[in-house]
């Protein structure tokens with residue numbers, strides 16, 4: 001990254017000394033000293049002083065214009081049109097305009113409005129736009145390249161409104177602004193590559209509202225925004241890659257509301273936002289993605305409300321403020337390894353919040369997640385993940401279980417806990433593939449037992465009704481064993497006479513089974529033969545299942 005010293009002020013001394021620049025001799029020389037914020041000298045430069053009338057005449061005659069290393073005072077195409085009796089808004093054709101290292105200043109405004117730049121290039125590289133406002137409003141660059149590289153700007157309003165930059169390369173790399181607002185409202189960037197890399201936009205507001213980009217990539221890498229607002233609302237970014245990586249937004253309010261991107265990605269990796277809101281409301285990216293990985297968000301609200309985006313990735317980011325994730329539709333929202341310090345809201349309401357996949361593994365949740373099991377279809381958006389392991393799914397369900405508990409959503413907590421335990425068991429089976437044969441046997445038995453007893457019979461103590469139903473099923477099974485073996489003379493119980501009717505044997509077997517299940521033990525009935533094995537086994541199941549029911553029941557009523 002190039003470190004650029006920002007030019008904040010400058011001083012000019014003009015002397016009647018001849019100077020030769022670009023093969024031309026000028027009668028006056030300007031000695032310019034450029035200084036930074038601390039008044040330290042940035043550079044000194046000797047410039048030729050341009051005769052404005054001669055410059056206008058060159059433009060009128062259709063000559064190529066080269067005013068590199070020149071001082072131009074009060075350049076104005078408005079005055080030019082007056083001078084030559086042209087229509088107020090008529091185009092002024094300027095051929096192969098070159099002003100590298102030039103200094104433009106004006107009492108009111110440096111005016112390039114309605115300029116029509118033609119030829120191979122329009123080159124303002126290393127130029128400084130000094131005192132006065134700057135206007136390229138409705139200018140048209142019909143050249144292969146448009147260069148504003150390393151340009152610097154003094155205080156004043158800088159307007160590129162309705163400017164058409166053609167389909168060539170546009171380069172503002174390392175440009176430096178101070179306090180004035182910068183406007184690219186309704187600018188047309190077409191299909192060329194656009195480079196705002198490492199631009200310092202200063203303390204003024206930045207407006208790109210309604211701008212149109214095309215097929216070329218758009219690069220704002222390492223740009224710095226310190227003004228009150230950055231407005232990219234309703235911008236169409238076309239189909240190229242849009243790069244805002246490592247940008248710094250200071251205390252700026254950032255708006256990307258209603259933006260469009262037909263394809264590709266909008267990158268903000270390692271960007272840093274400040275204390276003001278950041279909005280992607282109603283962004284329309286049905287085939288494109290927003291990447292905010294490793295981003296540090298400040299205290300300002302972040303909103304994706306009613307946006308339609310293919311993928312929103314906020315991996316490994318620090319979320320310090322309220323994040324409104326109530327999207328209209330999104331295929332994937334990835335929050336893996338993020339740090340949540342405030343609230344993230346997924347709750348359905350005024351928007352449908354159609355999310356196909358939500359990644360939450362590795363999340364450190366220090367705040368709150370507003371989300372609903374059924375409303376957000378969590379079994380689908382987490383349970384249906386194809387790219388995560390069973391262990392990662394278990395981790396996500398555990399995170400949601402704890403969050404539901406903290407929010408008092410106890411029914412949702414139970415459902416998340418069940419899926420958490422099921423994912424754990426699935427992970428044990430998956431890991432068993434690599435184990436030795438005897439370890440596999442132990443693991444399969446362990447998983448089978450937990451699946452049968454903890455899951456199917458009681459949903460991990462989350463359903464007293466399921467446990468009670470399991471109790472009656474087991475009790476009935478043991479009772480039927482007694483009845484069948486009694487009838488076939490393969491077992492006997494002392495209190496059940498052999499000459500009783502089948503109906504009487506069923507009733508007495510149910511009684512014996514009940515006192516055994518509940519471990520009452522009145523003493524009048526003693527099992528013999530095969531029943532000496534069955535009865536103690538039923539007693540053990542009875543103690544276990546009644547304890548299981550007590551845990552599930554108490555867990556419900558205490559909440």
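The values are calculated or read from the model by the stated rules, or taken from the named source; none is laboratory data. Computed from a prediction, not measured in an experiment: that's the story for all the values here. Glycine gets a Cβ as well: all are built from the backbone with ideal geometry, and neighbour counts include every protein chain shown.
Below is a table of values for the structure above.
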quantity: Test result for residue 306, surrounded by 19 or more Cβ atoms within 10 Å (Cβ to Cβ) and at positive phi; calculated: yes
quantity: Residue within segment 298-320 that is outside the structural domain of residue 210 (by TED's automatic domain parsing), under 20 Å from residue 208 (Cα atoms), without any contact (Cβ under 8 Å) to a residue 60 or more places away in the chain and part of a loop (DSSP other than H, G, I, E, B) present; calculated: yes
quantity: Residue match in segment 115-124 (condition: under 37 Å from the mean Cα position of the chain (by Cα) and assigned to a loop (DSSP other than H, G, I, E, B)); calculated: yes
quantity: Qualifying residues in segment 23-48 (those that are modelled with pLDDT of 85 or more and outside any strand (DSSP E or B)) - the one nearest to residue 175 (Cα to Cα); calculated: 40
quantity: Residue within segment 527-535 that is under 53 Å from the mean Cα position of the chain (by Cα), touching a residue at least 24 places away in the same chain (Cβ under 8 Å) and surrounded by 13 or more Cβ atoms within 10 Å (Cβ to Cβ) present; calculated: no
quantity: Residue pairs meeting the criteria (Cβ under 7 Å; at least 6 apart or on separate chains; first under 19 Å from residue 15 (Cβ atoms), in segment 33-45; second assigned to a loop (DSSP other than H, G, I, E, B) and at pLDDT below 85); calculated: 34/7
quantity: Filter result for residue 142 (surrounded by fewer than 19 Cβ atoms within 10 Å (Cβ to Cβ), modelled with pLDDT of 95 or more and either at positive phi or outside any loop (DSSP other than H, G, I, E, B) (or both)); calculated: no
quantity: Per-region count, segment 456-480, residues touching a helix residue (DSSP H, G or I) at 6+ places or on another chain (Cβ under 7 Å) and either touching a residue at least 40 places away in the same chain (Cβ under 8 Å) or not assigned by TED's automatic domain parsing to the domain that holds residue 493 (or both); calculated: 15
quantity: Unmet requirement for residue 214, which otherwise passes all of (1) out of contact with any strand residue (DSSP E or B) (no Cβ under 7 Å at 6 or more places or on another chain); (2) under 18 Å from residue 190 (Cβ atoms); (3) touching a residue at least 40 places away in the same chain (Cβ under 8 Å); calculated: (1)
quantity: Only one of 471, 481, 496 that is closer than 30 Å to residue 513 by Cβ, assigned to a loop (DSSP other than H, G, I, E, B) and over 37 Å from the mean Cα position of the chain (by Cα); calculated: 496
